[in-house]
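Just below is one structure, and these are the notes that go with it.
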Amino acid sequence: MMLKSAAVWAVVGDVLNASKPASRVVARLQANNKHVHLINPRAPEKCFPTLAAAHEVMPIEAVNLIINPKAGPAFIDEMIALEIPNLFIQPGAAPPAHVLERASSAGITIQHGCVLVELPESS
């Protein structure tokens, strides 16, 4: 299960807004001793704008999508190009099925779920 095995994560979403679930996902992963890259193209002064920019600093093992499903395909294409092996999709963030099929065909392991439900508050 990627929640236990992946040590370096990228959370894609409104990660700086404390009222949004993305910031709680970041906190939960960090409480479980995960290194977390913050990805938000709309906040490049405080977050990485792309997966590639974060991957250069420390290679990403898993990506958590907690964004509008319309934005997901570009990040999945980037995952394929960077050969990031794991994709965790939060409820409501799933891109179209053909995009997920492309990711799966590229060897990406896909898990649907909620980090806040599936990962304990701390390890």
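The values are calculated or read from the model by the stated rules, or taken from the named source; none is laboratory data. Quantities reported herein were computed from a predicted structural model and do not represent experimental measurements. Cβ coordinates were reconstructed from backbone atoms using ideal geometry, including for glycine residues, and neighbour counts include every protein chain displayed. For the accessible areas, the whole protein counts, side chains as well, though only heavy atoms, and no ligand, DNA or RNA atoms are used. Shrake-Rupley method; radii C 1.70, N 1.55, O 1.52, S 1.80 Å.
Here are the numbers:
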read-out	value
Distance-filtered residues of region 31-63 - backbone nitrogen under 19 Å, label point 7 angstrom along Lys4 Cα→Cβ	31-35, 61-63
Convex hull volume per residue in cubic angstrom - Cα atoms of region 26-67	79
Surface share of carbon and sulfur [accessible, 1.4 angstrom probe, percent] for the chain	55
Shape of region 43-90, Cα gyration tensor, a/c cut at 1.5	oblate
Computed Kirkwood radius, in angstrom, where 1/r is averaged over Cα pairs of region 3-75	12.1
Cα gyration tensor category, rounded, prolate or oblate, for region 48-123 with a/c compared to 1.5	oblate
Residue-span extension gain [Arg102 to Ala71] - 0.36 nm each, minus C-alpha spacing	9.6 nm
Helical contribution to [θ] at 222 nm, DSSP H n ≥ 4, -39,500 (n - 2.57), averaged over the chain, rounded to 500	-10000 deg cm²/dmol
Most mobile listed residue (Asn68, Asn86, Asn40) in the chain, GNM with C-alpha springs under 10 Å	Asn68
GNM top mover of Leu51, Leu82, Leu29 - the chain, alpha-carbon springs below 10 Å	Leu82
For the chain, accessible area per residue (1.4 Å probe, heavy atoms of protein chains only), Å²	50
